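J.: One structure is given below, represented as structure tokens, and several questions about it will come after.
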Amino acid sequence: MFSETEWKDFVFESLENKSNRITEDSLVQTSEAKRTIKEARLWIIGGQIIDAGYYKFDENVPFEEKVSEDGLSFANEMIQLFNLAEAFVMDICLTDEGWKIVEINCINSSGFYPNTNVKSIIKALNIYFSN
């Protein structure tokens, strides 16, 4: 998320840096800021959620150790609609309008949070890509 000033600085720097792929003709998707209630990162391999954990809660929301079933159901529905890759990361959030996708990232450039079960992810990657 960018403030207006941060966005203008980013655009200026991106257009001035000739090695950057962003040009004056690049399409950019924007939206109004939404209140997020809780956010989770899901590690998906072979169309299956291997690990899921929260990384952000609204200050007024009680902590949950495991990602709620409705969040996991939403993510599984999205995977069924479009399984982006054999292995990827999906961040989801609960808003006042229901569950939404925050972003989807390449699995090899996504960060681990303290509650990520890294061993289960590595094991699943090894099994999936060994076959």
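The values are calculated or read from the model by the stated rules, or taken from the named source; none is laboratory data. On a predicted model such as this, the values are computed, not experimentally measured, just so you know. Here the Cβ is made from the backbone with ideal geometry for all residues, glycine too, and neighbour counts use every protein chain on show. Surface areas here come from the heavy atoms of the whole protein model, side chains and all, with no ligands, DNA or RNA. Shrake-Rupley method; radii C 1.70, N 1.55, O 1.52, S 1.80 Å.
J.: Taking the Cα centre of the chain as the origin and placing charges on Cβ (Lys, Arg +1; Asp, Glu -1), which of V11, S31, V67 is farthest toward the positive end of the dipole?
T.: V67
J.: Out of segment 86-131, which GluC sites (Glu not before Pro) are coil in DSSP terms and have no more than 11 other C-beta atoms within 10 Å?
T.: Answer in residue order: E97.
J.: Provide L125, L81 ordered by accessible surface of protein heavy atoms (probe 1.4 Å), highest first. Walk me through the numbers on the way to the answer.
T.: On the way: L125 45, L81 135 Å².
Putting L125, L81 in descending order of accessible area: L81, L125.
J.: In percent, how large is the relative contact order of segment 35-131, given Cα pairs closer than 8 Å and 6 or more residues apart? Numbers along the way, then the final one.
T.: On the way: 150 pairs, mean separation 32.2, N = 97.
After rounding, I find 33 percent.
J.: Averaging the inverse of every distinct alpha carbon separation and then flipping it gives the Kirkwood radius. What is it for segment 57-99, in angstrom units? Could you put the intermediate results ahead of the total?
T.: Numbers: mean 1/r = 0.0838 Å⁻¹.
So the Kirkwood estimate lands at 11.9 Å.
J.: For D58, what is the net charge nearby, where nearby means another residue's Cβ is under 10 Å from its Cβ and Lys, Arg count +1, Asp, Glu -1? Before the final figure, lay out each step's value.
T.: Details: positive: R35, K38, K56; negative: E39, E59.
Local net charge: +1.
J.: Based on Cβ point charges of +1 for Lys and Arg and -1 for Asp and Glu, what charge dipole magnitude is obtained for the chain about its Cα centre, in debye rounded to the nearest 20? Mind dumping the intermediate values first?
T.: Values: 12 positive and 22 negative charges, 120 e Å.
Roughly 580 debye for the chain.
J.: Picking from S109, S31, S14, which is most flexible by a Gaussian network model of the chain using Cα springs under 10 Å?
T.: Greatest mean-square fluctuation among the candidates belongs to S14.
J.: Checking the cross-link filter: which lysines have an alpha carbon closer than 16 Å to that of K34, excluding same-chain neighbours under 8 positions apart?
T.: The qualifying lysines are K56, K100.
J.: If N is the number of residues in segment 7-94, what value comes out of its Cα radius of gyration divided by 2.2 N^0.38 Å? The partial results should precede the final answer.
T.: Details: Rg = 17.1 Å, N = 88, 2.2 N^0.38 = 12.1 Å.
Here the answer is 1.42, to two decimals.
J.: Roughly speaking, what is the centre-to-centre gap between segment 88-126 and segment 8-32 when only Cα atoms are used, to the nearest Å?
T.: 26
J.: Could you report the chain's accessible area per residue, 1.4 Å probe, as an integer in Å²?
T.: Working: 9490 Å² over 131 residues.
Roughly 72 Å² per residue, with all protein chains present.
J.: Still on this structure, please answer the following. Given the options E65, E39, E13, state which has the largest fluctuation in a GNM of the chain using a 10 Å cut-off (strictly under) for Cα springs.
T.: Highest fluctuation among the options: E13.
J.: Keeping the other protein chains in place, figure out the carbon and sulfur percent of the accessible area of the chain, with a 1.4 Å probe.
T.: On the way: 4880 of 9490 Å².
Answer for the chain: carbon and sulfur cover 51 percent of the accessible area.
J.: Taking a spot 7 Å from the Cα of N115 along the direction of its beta carbon, which residues of segment 80-97 have an amide N less than 16 Å from it?
T.: Counting only backbone N, you get 90-95.
J.: Please state the charge dipole magnitude for segment 47-99, taken about the Cα centre, from unit charges on C-beta atoms (+1 on K and R, -1 on D and E), reported in debye and rounded to the nearest 20. Walk me through the numbers on the way to the answer.
T.: Details: 2 positive and 12 negative charges, 39 e Å.
So the dipole magnitude of segment 47-99 works out to roughly 180 debye.
J.: What stretch of the chain, leaving out the sites themselves, is the longest with no chymotrypsin sites (Phe, Trp or Tyr not before Pro) in a DSSP loop having at most 15 other Cβ atoms within 10 Å? Don't skip to the answer; put the middle values down first.
T.: Numbers: sites that count: F2, F63, F82, F112.
The segment 3-62 is the longest one with no such site.
J.: Another question, if that's okay. For segment 35-105, state which trypsin sites (Lys or Arg not before Pro) are in a DSSP loop and have at most 10 other beta carbons lying within 10 Å of their beta carbon.
T.: On the way: sites: R35, K38, R41, K56, K66, K100; in loops: R35, K66.
Passing both the DSSP loop test and the Cβ count: R35.
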